[in-house]
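Written below as structure tokens is the structure these notes are about.
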Amino acid sequence: MLEETDPVYDEEKIELPWYQPVMERLESDFPQYFVADPVAIVRVDAQRLYVVREGRVKREFPVSTSRYGIGNQAGSYQTPLGVHRISQKIGDEAPMGTVFRARVDTGRIADIVTDPRRTPEDNITTRILWLEGLEYGINRGEGIDSFSRFIYIHGTDEEGLIGRPASEGCVRMTNRDVIELYDLMPYGSLVVIQ
């Protein structure tokens, strides 16, 4: 018998985790790519990247998206929204701080700046996860193609700016965090930027 003080649960009032609609959309709209685990979700509003595995957020990292805002046009230096997949992974076993130019290991190690300031070179460091857009008219196609725009998740020598918009279109992470993400996310994993 139900006592007056017993809680009554109304299924309509139970809130789903914020990422549940994202996962459901991936499963229904991208079945050829969706394998459920893991999925990375970049929230531009929070400057955070979440790794969802087994239906739960397993890791959360601070990131930096574009200081020019969100957008998909080539030459805009903006971060594109939408569903992507990891098309290439570059930097296996490279030492932390390794500088890449045109996705090639230069053999140099960057000085990592932890103060909130820009560096003269704006280096791409440590690891690169090159993103391919999967949504025509949003992040795939002529003039808006994330892959052709060289949109990456990567390390940076400007670690002091992580957590605020600071990049030129890519998703930046600390060098330690991008190594962890690189190891967590297999080739072909889905990345949603929202």
Based on this model, can you work out whether Tyr187 counts as among the hydroxyl-bearing types (Ser, Thr, Tyr), touching a residue at least 24 places away in the same chain (Cβ under 8 Å) and assigned to a helix (DSSP H, G or I)? no
Provide a single number: the residues in segment 9-33 that are of a type outside the set (Val, Ile, Thr) and either farther than 20 Å from Gly55 by Cα or at pLDDT below 55 (or both). 5
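Looking at Arg48, Arg53, Arg67 in this structure, which one is at pLDDT below 95 and within 16 Å of the chain's Cα centre (by Cα)?
From the options Arg48, Arg53, Arg67, the qualifying one is Arg53.
Scan segment 110-129 and give yes if some residue there is of a type outside the set (Asp, Glu) and closer than 16 Å to Arg85 by Cβ, otherwise no.
There is at least one residue in segment 110-129 that is of a type outside the set (Asp, Glu) and closer than 16 Å to Arg85 by Cβ.
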Evaluate the following for Ile138: is it in contact (Cβ under 8 Å) with a residue 24 or more places away in the chain, surrounded by fewer than 20 Cβ atoms within 10 Å (Cβ to Cβ) and touching a strand residue (DSSP E or B) at 6+ places or on another chain (Cβ under 6 Å)? yes
Is it the case that Asp6 is exposed (fewer than 14 other Cβ atoms within 10 Å of the Cβ) and at pLDDT 95 or above? no
Residue by residue through segment 83-117, note down the ones that are in contact (Cβ under 8 Å) with a residue 60 or more places away in the chain, touching an Asp or Glu at 6+ places or on another chain (Cβ under 7 Å) and in a loop (DSSP other than H, G, I, E, B). Ile112
Only unsatisfied item for Val192, checking (1) closer than 23 Å to Ala74 by Cβ; (2) assigned to a loop (DSSP other than H, G, I, E, B), is (2)
Take segment 26-69 and flag every residue that is outside any strand (DSSP E or B), among the hydroxyl-bearing types (Ser, Thr, Tyr) and touching a helix residue (DSSP H, G or I) at 6+ places or on another chain (Cβ under 9 Å). Tyr33
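The values are calculated or read from the model by the stated rules, or taken from the named source; none is laboratory data. As the structure is a computational prediction, the values presented were derived from the model and not from experiment. Note: ideal-geometry Cβ built from the backbone for every residue, glycine included; neighbour counts use all protein chains shown.
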